[in-house]
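The values are calculated or read from the model by the stated rules, or taken from the named source; none is laboratory data. If you're wondering where the values come from, they're calculated on a predicted model, not measured in any experiment. Using ideal geometry, Cβ is built from the backbone for each residue, glycine included, and neighbour counts are taken over all protein chains shown. Ligands, DNA and RNA are excluded from the accessible area calculation, which covers all protein heavy atoms including side chains. Shrake-Rupley method; radii C 1.70, N 1.55, O 1.52, S 1.80 Å.
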Amino acid sequence: MKNGITIFTPTYNRSYRLSTLYESLCKQSCREFEWVVVDDGSTDDTKVMIKKWQDEHKIIIRYFWQENAGKAQAYNLGVEVAERQLFLCVDSDDFLLFNAVEKILDLWERYPGKIGIICARLHADHELTTRWNGQVKYCTLYDAYRKYGLKGETVLIYQTDIIKKFRFPRFQGEKFVTEAYLYDRLDQEGVMYITDEAFYVAEYLPDGYTKNSQKIVEENPYGFLAYIEQRLRLDKKLKYKIIDTCQYIVYKRIVGEEDLIEDAVYPILTWVLYSIARLKNIFVNSIKFF
């Protein structure tokens, strides 16, 4: 594995936006990186634009095209072809500050014994979108959110050799699996260094995943169900077991599978919560009837 960072960008019909990211990469104070772009079946001029940038030879750009299959499958391909020591996903509507690569490599050298780094994220107005109480320096991503009070979106850098061990699943007729599915699996490999340093700027566009998250989840129930079932096996506190079991019940019903109790990670808890939900629904309907 070569030194430096694979900066991976999945994209779909974002040629109007990619130039901002490209320009930020060309301005990096450290050039120890490659830019891997996975085009998820774009029908705009993304391919032509990338070829133009490759011919400029300002930075290393590796371009891959696939039939439209969604971000998770583009991520799988990006991980497969990554050739640098560290792996960072930068979405097509975001960009990096000029010293991002330099900062990441410095943090990686200064803080050993980790599988990756959790960093803060900036909004387009350069206000932090991440909140952190600074209790610990090393923890898993799961514990950062559910134990140590991390709030908001983060930037995650992983050791490439470790992230190559895992892939997102694929479900017939669906194109989305939440990234947390992969992060939960990576948590089993070790802890991450966490910092409030920020070098990643995010702008949430109307056609992005963040703005349409609820609709995307509803259209991809099997992907979300796989995530919830995996998360339930990691939950330690009863509070989170209840919250995630409720979500399991909802999505199990959406996909129309009848073996809801039999397949549950916690069958008794699932039976209790499902029974309460059914009784509540009957009560509510009876009130409406009268």
| Just to be sure, is L150 under 15 Å from W35 (Cα atoms), buried (at least 18 other Cβ atoms within 10 Å of the Cβ) and touching a helix residue (DSSP H, G or I) at 6+ places or on another chain (Cβ under 7 Å)? | no
| request: Determine if the stretch 79-92 includes at least one residue that is crowded, with 21+ Cβ neighbours inside 10 Å, modelled with pLDDT of 95 or more and touching a Phe, Trp or Tyr at 6+ places or on another chain (Cβ under 6 Å). | output: yes
| Does the stretch 93-101 contain at least one residue that is modelled with pLDDT under 95, under 17 Å from L18 (Cα atoms), under 15 Å from the mean Cα position of the chain (by Cα) and crowded, with 17+ Cβ neighbours inside 10 Å? | yes
| query | Taking only pairs six or more apart or across chains, which ones have beta-carbon atoms under 9 Å, a first residue in the stretch 78-90 that is more than 20 Å from V201 (Cβ to Cβ), and a second residue that is of a type in the set (K, R) and assigned to a strand (DSSP E or B)? | reply | V81/R62; E83/K2; E83/R62; R84/K2; Q85/K2
| task | Restricting attention to the stretch 6-18, report how many residues are under 17 Å from Y200 (Cβ atoms) and either part of a helix (DSSP H, G or I) or open to solvent by less than 10 Å² (accessible area, probe 1.4 Å) (or both). | result | 7
| query | Has the stretch 45-61 got any residue that is closer than 17 Å to L86 by Cβ and either in contact with a strand residue (DSSP E or B) (Cβ under 9 Å, 6 or more places away or on another chain) or surrounded by 20 or more Cβ atoms within 10 Å (Cβ to Cβ) (or both)? | reply | yes
| said: Within the stretch 160-171, does at least one residue satisfy the condition of being aliphatic (A, V, I, L, M) and under 20 Å from A226 (Cα atoms)? | reply: yes
| query | Within the stretch 19-36, is there a residue that is under 19 Å from the mean Cα position of the chain (by Cα), modelled with pLDDT of 95 or more and assigned to a helix (DSSP H, G or I)? | reply | yes
| note | The residue from Y183, Y266, Y193, Y200 that alone is touching a strand residue (DSSP E or B) at 6+ places or on another chain (Cβ under 8 Å), at pLDDT 95 or above and either among the β-branched types (V, I, T) or open to solvent by 20 Å² or more (accessible area, probe 1.4 Å) (or both) is Y183
| field | Matching entry among K252, K165, K239 (being in a helix (DSSP H, G or I), out of contact with any His (no Cβ under 9 Å at 6 or more places or on another chain) and surrounded by fewer than 14 Cβ atoms within 10 Å (Cβ to Cβ)) | value | K239
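Conditions (1) part of a strand (DSSP E or B); (2) within 17 Å of R185 (Cα to Cα); (3) under 14 Å from the mean Cα position of the chain (by Cα), marked per residue:
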site: E109; (1), (2), (3): no, no, no
site: A120; (1), (2), (3): yes, no, no
site: Y142; (1), (2), (3): no, yes, yes
site: Y148; (1), (2), (3): no, no, no
site: D161; (1), (2), (3): no, yes, no
| query | Which residue pairs have Cβ atoms closer than 8 Å, lie 6 or more positions apart in sequence or on different chains, and pair a first residue in the stretch 117-128 that is touching a residue at least 40 places away in the same chain (Cβ under 8 Å) and over 16 Å from I157 (Cα atoms) with a second residue that is open to solvent by 30 Å² or more (accessible area, probe 1.4 Å) and outside any strand (DSSP E or B)? | reply | H123/T129; H123/E203; A124/E203
| query | Could you give every pair whose Cβ atoms fall below 7 Å, whose first residue belongs to the stretch 227-247 and is among the polar types (S, T, N, Q), and whose second residue is part of a helix (DSSP H, G or I), counting only separations of at least 6 or pairs across chains? | reply | Q230/Y181; Q230/D184; T245/L232; T245/L269; T245/T270; T245/L273; Q247/I228
| query | In the stretch 90-123, how many are closer than 15 Å to S24 by Cβ and touching a strand residue (DSSP E or B) at 6+ places or on another chain (Cβ under 8 Å)? | reply | 15
